Amino acid sequence: MSKTSKLPAGRSDDSLPASWMGFSSLRDEIDRMFAALEPMNLLQRGFSDGEPVGQVMQPFPAIDVTEAEDGYQVSAELPGVALEDIDIKLANGTLTIQGEKTEQKDDAGKGYHLSERRWGKFQRLLRVPDNVDEGRIEARYANGILLVTLPKSETALAAERTIEVSAG
């Protein structure tokens with residue numbers, strides 16, 4: 001006959017065996033992490049017990065990738081980033097957009113309750129499709145928007161054909 005031990009199902013820390021006391025803070029951190037991922041918490045902005053609620057960091061820069069008949073376009077939002085602080089590289093079929101946004105904050109006499117502005121180094125990696133003509137990739141930057149044009153190769157364009165779909 002085997003002995004079974006019963007562990008408490010509640011959250012009362014004083015009911016935990018001494019050997020389990022160290023896991024209490026770990027469980028609290030995991031609970032806080034999952035609570036932040038709930039859909040309602042992602043939309044909330046406010047404070048609970050002195051900590052921000054729902055502050056899930058999104059990738060920076062935010063990008064859109066679109067496709068047209070002749071190629072692809074990557075549009076990246078880089079507000080407040082200077083042109084000389086942007087670096088774009090292509091290596092081994094991977095497009096790398098990286099740079100740094102410097103902090104521009106005047107804190108004199110201001111008591112911040114919340115600051116969501118980001119600064120620091122950033123990097124986004126994008127796999128370039130095989131049908132892109134890597135020698136003709138271009139980039140333009142204006143008004144905080146970076147546009148990277150990835151034209152399809154002539155071979156890829158010539159190999160593309162439309163297949164008619166019939167009913168039945």
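The values are calculated or read from the model by the stated rules, or taken from the named source; none is laboratory data. Since we're looking at a predicted model, the values are computed, not measured. Cβ coordinates were reconstructed from backbone atoms using ideal geometry, including for glycine residues, and neighbour counts include every protein chain displayed. For the accessible areas, the whole protein counts, side chains as well, though only heavy atoms, and no ligand, DNA or RNA atoms are used. Shrake-Rupley method; radii C 1.70, N 1.55, O 1.52, S 1.80 Å.
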- line: Checked against (1) modelled with pLDDT of 70 or more; (2) exposed (fewer than 13 other Cβ atoms within 10 Å of the Cβ); (3) closer than 30 Å to residue 152 by Cβ; (4) not aliphatic (A, V, I, L, M), residue 58 satisfies every condition except (1)
statement: Filter the stretch 117-165 for residues that are without any contact (Cβ under 8 Å) to a residue 40 or more places away in the chain, within 30 Å of residue 80 (Cβ to Cβ) and touching a Lys or Arg at 6+ places or on another chain (Cβ under 9 Å); the one that is least open to solvent (accessible area, probe 1.4 Å) is 120
field: the stretch 117-152, residues that are among the basic types (Lys, Arg), more than 15 Å from residue 100 (Cα to Cα) and modelled with pLDDT under 95
entry: 127, 136, 152
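Of all residues being polar (S, T, N, Q) and open to solvent by 80 Å² or more (accessible area, probe 1.4 Å) in the stretch 80-116, which is modelled with the highest pLDDT? Just the residue, please.
92
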- prompt: Which pairs have Cβ atoms under 9 Å, sit 6 or more apart or on different chains, and link a residue in the stretch 71-91 that is among the β-branched types (Val, Ile, Thr) to one that is open to solvent by 60 Å² or more (accessible area, probe 1.4 Å) and part of a loop (DSSP other than H, G, I, E, B)?
  reply: 81/102
